[in-house]
1. Taking A:Phe46 as meeting all but one of (1) open to solvent by less than 70 Å² (accessible area, probe 1.4 Å); (2) of a type in the set (A, V, I, L, M, F, W, C); (3) over 10 Å from the mean Cα position of the chain (by Cα), write down the number of the exception.
2. Among the strands (runs of 3 or more DSSP E) confined wholly to chain A, which include 3 or more residues that are farther than 25 Å from B:Pro111 by Cβ?
3. Restricting attention to region B:78-113, which residues are more than 10 Å from every other protein chain (Cβ to nearest Cβ), open to solvent by less than 50 Å² (accessible area, probe 1.4 Å), part of a loop (DSSP other than H, G, I, E, B) and at pLDDT below 95?
4. Quick one: which residue in A:Ile8, A:Ile33 is open to solvent by 90 Å² or more (accessible area, probe 1.4 Å) and either closer than 17 Å to A:Ile99 by Cα or of a type in the set (S, T, N, Q) (or both)?
5. Only one of B:Thr75, B:Thr116 is more than 14 Å from every other protein chain (Cβ to nearest Cβ) and on the phi < 0 side of the Ramachandran plot; which?
6. Within region A:88-110, which residues are in contact (Cβ under 8 Å) with a residue 12 or more places away in the chain, open to solvent by less than 30 Å² (accessible area, probe 1.4 Å) and at the interface with chain B (Cβ under 7 Å from one of its Cβ atoms)?
7. With respect to A:Val85, is the statement that it is surrounded by 16 or more Cβ atoms within 10 Å (Cβ to Cβ), touching a His at 6+ places or on another chain (Cβ under 6 Å) and at the interface with chain B (Cβ under 9 Å from one of its Cβ atoms) true?
8. Here is a list of conditions, (1) surrounded by fewer than 18 Cβ atoms within 10 Å (Cβ to Cβ); (2) closer than 20 Å to B:Met45 by Cα; (3) among the small types (Gly, Ala, Ser), and A:Ser79 meets all of them except one; can you say which number that is?
Amino acid sequence: LAKTTQPISMDSYEGQEVNITCSHNNIATNDYITWYQQFPSQGPRFIIQGYKTKVTNEVASLFIPADRKSSTLSLPRVSLSDTAVYYCLVGSSNTGKLIFGQGTTLQVKP
Amino acid sequence: GAVVSQHPSRVICKSGTSVKIECRSLDFQATTMFWYRQFPKQSLMLMATSNEGSKATYEQGVEKDKFLINHASLTLSTLTVTSAHPEDSSFYICSASPPERPSYNEQFFGPGTRLTVL
(Lines give C-alpha, C1' and ligand atoms only; values in the text may rest on other atoms or scores of the structure.)
Protein backbone atom coordinates (compact mmCIF):
# COMPACT_ATOMS: atom_id res chain seq x y z
CA LEU A 1 0.00 0.00 0.00
CA ALA A 2 1.28 3.44 -0.90
CA LYS A 3 2.13 5.37 2.23
CA THR A 4 1.37 9.07 2.37
CA THR A 5 3.22 11.83 4.16
CA GLN A 6 1.74 15.25 4.86
CA PRO A 7 2.41 18.07 7.32
CA ILE A 8 0.95 17.48 10.75
CA SER A 9 -0.50 20.95 11.06
CA MET A 10 -0.96 24.23 9.22
CA ASP A 11 -2.27 27.63 10.20
CA SER A 12 -3.99 30.12 7.93
CA TYR A 13 -6.20 33.17 8.05
CA GLU A 14 -9.64 33.71 6.69
CA GLY A 15 -9.70 34.59 3.01
CA GLN A 16 -6.32 33.08 2.22
CA GLU A 17 -5.60 30.24 -0.15
CA VAL A 18 -4.30 27.13 1.55
CA ASN A 19 -2.17 24.51 -0.14
CA ILE A 20 -1.54 21.17 1.54
CA THR A 21 1.02 18.93 -0.09
CA CYS A 22 1.12 15.18 0.28
CA SER A 23 3.88 12.84 -0.82
CA HIS A 24 3.18 9.31 -2.00
CA ASN A 25 6.38 8.03 -3.51
CA ASN A 26 5.21 4.43 -3.89
CA ILE A 27 1.97 5.12 -5.68
CA ALA A 28 1.02 2.35 -8.11
CA THR A 29 -0.13 2.76 -11.68
CA ASN A 30 -3.81 2.12 -10.94
CA ASP A 31 -3.99 4.10 -7.69
CA TYR A 32 -6.07 7.25 -7.35
CA ILE A 33 -5.39 10.11 -4.94
CA THR A 34 -8.26 11.13 -2.72
CA TRP A 35 -8.60 13.84 -0.10
CA TYR A 36 -11.02 13.75 2.80
CA GLN A 37 -12.01 16.33 5.40
CA GLN A 38 -12.92 15.42 8.96
CA PHE A 39 -14.48 17.55 11.67
CA PRO A 40 -14.31 16.46 15.31
CA SER A 41 -16.65 13.57 16.15
CA GLN A 42 -17.78 13.18 12.55
CA GLY A 43 -16.98 10.74 9.79
CA PRO A 44 -14.63 11.86 7.02
CA ARG A 45 -16.15 13.66 4.08
CA PHE A 46 -14.94 13.30 0.50
CA ILE A 47 -13.41 16.48 -0.93
CA ILE A 48 -11.77 15.65 -4.22
CA GLN A 49 -10.11 12.87 -6.17
CA GLY A 50 -7.68 12.74 -9.05
CA TYR A 51 -5.37 10.55 -11.05
CA LYS A 52 -3.12 13.06 -12.80
CA THR A 53 -2.78 16.74 -13.75
CA LYS A 54 -5.42 18.99 -12.25
CA VAL A 55 -8.90 18.43 -10.95
CA THR A 56 -11.22 21.18 -9.75
CA ASN A 57 -14.62 21.08 -8.12
CA GLU A 58 -16.75 23.57 -6.24
CA VAL A 59 -14.72 23.36 -3.04
CA ALA A 60 -11.12 22.59 -3.98
CA SER A 61 -8.49 21.93 -6.61
CA LEU A 62 -6.08 19.05 -6.74
CA PHE A 63 -2.74 19.33 -8.49
CA ILE A 64 -0.84 16.18 -9.41
CA PRO A 65 2.53 16.36 -11.18
CA ALA A 66 3.45 14.03 -14.00
CA ASP A 67 5.36 11.59 -11.77
CA ARG A 68 2.34 11.36 -9.40
CA LYS A 69 4.65 11.04 -6.40
CA SER A 70 2.98 13.98 -4.71
CA SER A 71 -0.23 15.95 -4.81
CA THR A 72 -1.39 19.33 -3.56
CA LEU A 73 -4.82 20.13 -2.25
CA SER A 74 -5.70 23.78 -2.78
CA LEU A 75 -8.48 25.42 -0.79
CA PRO A 76 -9.34 28.88 -2.14
CA ARG A 77 -10.26 31.62 0.32
CA VAL A 78 -10.64 29.54 3.45
CA SER A 79 -13.10 30.42 6.19
CA LEU A 80 -13.25 29.53 9.87
CA SER A 81 -15.48 26.58 9.01
CA ASP A 82 -12.65 25.01 7.03
CA THR A 83 -10.81 24.29 10.27
CA ALA A 84 -10.56 20.50 10.19
CA VAL A 85 -8.25 17.58 9.61
CA TYR A 86 -7.44 16.86 5.99
CA TYR A 87 -6.38 13.41 4.91
CA CYS A 88 -4.58 12.46 1.73
CA LEU A 89 -5.14 8.86 0.73
CA VAL A 90 -3.95 6.63 -2.05
CA GLY A 91 -6.40 3.84 -2.71
CA SER A 92 -5.03 0.42 -3.49
CA SER A 93 -6.63 -1.21 -6.48
CA ASN A 94 -5.18 -4.51 -5.29
CA THR A 95 -6.83 -4.57 -1.88
CA GLY A 96 -9.72 -2.15 -2.28
CA LYS A 97 -8.74 -0.53 1.02
CA LEU A 98 -8.18 3.06 2.02
CA ILE A 99 -5.44 3.47 4.60
CA PHE A 100 -5.40 6.75 6.47
CA GLY A 101 -2.19 8.56 7.31
CA GLN A 102 -1.86 11.04 10.14
CA GLY A 103 -3.61 13.87 8.30
CA THR A 104 -3.04 17.62 8.40
CA THR A 105 -4.81 19.68 11.02
CA LEU A 106 -5.69 23.01 9.44
CA GLN A 107 -6.45 25.85 11.80
CA VAL A 108 -8.06 28.88 10.18
CA LYS A 109 -7.81 32.04 12.25
CA PRO A 110 -9.92 35.18 11.98
CA GLY B 1 -25.36 11.19 -3.18
CA ALA B 2 -24.53 8.00 -1.35
CA VAL B 3 -25.51 8.12 2.31
CA VAL B 4 -24.25 5.89 5.09
CA SER B 5 -25.83 5.94 8.53
CA GLN B 6 -24.78 4.51 11.87
CA HIS B 7 -26.72 3.66 14.96
CA PRO B 8 -26.36 4.50 17.74
CA SER B 9 -24.46 7.76 17.52
CA ARG B 10 -23.16 7.30 21.03
CA VAL B 11 -23.36 4.55 23.60
CA ILE B 12 -22.19 4.17 27.16
CA CYS B 13 -21.91 0.70 28.63
CA LYS B 14 -20.49 -1.11 31.61
CA SER B 15 -17.32 -3.10 31.41
CA GLY B 16 -17.95 -6.70 30.40
CA THR B 17 -21.06 -6.06 28.36
CA SER B 18 -21.42 -6.32 24.59
CA VAL B 19 -22.38 -3.49 22.29
CA LYS B 20 -23.72 -3.69 18.74
CA ILE B 21 -23.20 -0.90 16.23
CA GLU B 22 -25.15 -0.81 12.97
CA CYS B 23 -23.97 0.58 9.66
CA ARG B 24 -26.46 1.07 6.85
CA SER B 25 -26.12 2.21 3.26
CA LEU B 26 -29.35 4.15 2.75
CA ASP B 27 -29.57 4.62 -0.99
CA PHE B 28 -27.28 2.03 -2.46
CA GLN B 29 -26.30 -1.57 -2.01
CA ALA B 30 -22.86 -2.35 -0.69
CA THR B 31 -21.26 -5.76 -0.98
CA THR B 32 -18.32 -4.45 1.00
CA MET B 33 -18.25 -2.20 4.02
CA PHE B 34 -15.31 -1.13 6.14
CA TRP B 35 -14.98 -0.56 9.87
CA TYR B 36 -12.54 1.92 11.34
CA ARG B 37 -11.61 2.93 14.86
CA GLN B 38 -10.35 6.34 15.85
CA PHE B 39 -8.85 7.30 19.21
CA PRO B 40 -8.74 10.94 20.30
CA LYS B 41 -6.31 13.09 18.32
CA GLN B 42 -5.39 10.14 16.14
CA SER B 43 -6.12 9.05 12.60
CA LEU B 44 -8.59 6.42 11.50
CA MET B 45 -7.39 2.86 11.78
CA LEU B 46 -8.90 0.24 9.51
CA MET B 47 -10.16 -2.65 11.60
CA ALA B 48 -11.83 -4.96 9.12
CA THR B 49 -13.48 -5.38 5.77
CA SER B 50 -17.06 -6.60 5.96
CA ASN B 51 -18.17 -8.78 3.06
CA GLU B 52 -21.84 -9.50 2.41
CA GLY B 53 -22.58 -13.18 2.77
CA SER B 54 -19.11 -14.18 3.88
CA LYS B 55 -16.67 -13.78 6.73
CA ALA B 56 -15.08 -10.45 7.47
CA THR B 57 -11.42 -9.87 6.84
CA TYR B 58 -9.61 -8.43 9.83
CA GLU B 59 -6.51 -6.28 9.83
CA GLN B 60 -3.44 -7.48 11.65
CA GLY B 61 -3.72 -7.04 15.39
CA VAL B 62 -7.52 -6.81 15.46
CA GLU B 63 -9.14 -9.60 17.49
CA LYS B 64 -11.87 -11.20 15.43
CA ASP B 65 -13.46 -12.82 18.47
CA LYS B 66 -13.73 -9.49 20.21
CA PHE B 67 -15.01 -7.46 17.28
CA LEU B 68 -17.68 -9.55 15.63
CA ILE B 69 -18.79 -8.38 12.21
CA ASN B 70 -21.95 -9.53 10.45
CA HIS B 71 -22.85 -8.36 6.96
CA ALA B 72 -26.15 -10.14 6.48
CA SER B 73 -27.62 -7.95 3.77
CA LEU B 74 -26.46 -5.59 1.04
CA THR B 75 -27.37 -2.56 3.12
CA LEU B 76 -26.45 -3.53 6.67
CA SER B 77 -23.27 -4.43 8.49
CA THR B 78 -23.01 -4.74 12.25
CA LEU B 79 -20.02 -4.53 14.55
CA THR B 80 -20.38 -6.10 17.97
CA VAL B 81 -17.81 -5.27 20.60
CA THR B 82 -17.91 -8.24 22.93
CA SER B 83 -16.98 -8.06 26.60
CA ALA B 84 -16.14 -4.42 26.24
CA HIS B 85 -13.48 -2.86 28.45
CA PRO B 86 -12.49 0.77 28.99
CA GLU B 87 -9.65 0.47 26.48
CA ASP B 88 -12.27 -0.26 23.80
CA SER B 89 -13.68 3.22 24.28
CA SER B 90 -13.26 4.91 20.93
CA PHE B 91 -14.97 6.42 17.90
CA TYR B 92 -16.08 3.70 15.50
CA ILE B 93 -16.74 4.65 11.89
CA CYS B 94 -18.01 2.58 8.98
CA SER B 95 -17.79 3.23 5.27
CA ALA B 96 -19.14 1.79 2.06
CA SER B 97 -18.97 2.30 -1.68
CA PRO B 98 -21.67 2.02 -4.35
CA PRO B 99 -21.08 -0.89 -6.74
CA GLU B 100 -20.19 1.46 -9.58
CA ARG B 101 -17.46 3.14 -7.55
CA PRO B 102 -14.46 1.00 -6.57
CA SER B 103 -13.88 1.11 -2.82
CA TYR B 104 -10.28 2.16 -3.27
CA ASN B 105 -11.40 5.22 -5.19
CA GLU B 106 -14.09 6.62 -2.97
CA GLN B 107 -15.80 5.54 0.19
CA PHE B 108 -18.75 7.16 1.91
CA PHE B 109 -18.42 7.34 5.64
CA GLY B 110 -21.00 7.09 8.34
CA PRO B 111 -21.24 9.75 11.06
CA GLY B 112 -19.50 7.53 13.59
CA THR B 113 -20.43 5.96 16.92
CA ARG B 114 -18.84 7.14 20.15
CA LEU B 115 -18.41 4.19 22.52
CA THR B 116 -17.62 4.81 26.15
CA VAL B 117 -17.00 1.82 28.39
CA LEU B 118 -17.17 2.52 32.10
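The values are calculated or read from the model by the stated rules, or taken from the named source; none is laboratory data. Since the structure is predicted, the reported quantities are computational estimates derived from the model, not experimental observations. Here Cβ is always computed from backbone atoms with ideal geometry, including for glycine, and neighbour counts include all displayed protein chains. Heavy atoms of the whole protein, side chains included, go into the accessibility calculation; ligands, DNA and RNA do not. Shrake-Rupley method; radii C 1.70, N 1.55, O 1.52, S 1.80 Å.
1. (3)
2. A:9-13, A:18-23, A:53-56, A:61-64, A:70-75
3. Result: B:Pro98, single match.
4. Result of the check over A:Ile8, A:Ile33: A:Ile8.
5. Step by step, each of B:Thr75, B:Thr116 is checked, and only B:Thr75 is more than 14 Å from every other protein chain (Cβ to nearest Cβ) and on the phi < 0 side of the Ramachandran plot.
6. Across region A:88-110, the qualifying residues are A:Gly91, A:Ser92, A:Leu98, A:Phe100, A:Gly101, A:Gly103.
7. Against the criterion (surrounded by 16 or more Cβ atoms within 10 Å (Cβ to Cβ), touching a His at 6+ places or on another chain (Cβ under 6 Å) and at the interface with chain B (Cβ under 9 Å from one of its Cβ atoms)), A:Val85 does not qualify.
8. Every listed condition holds for A:Ser79 apart from (2).
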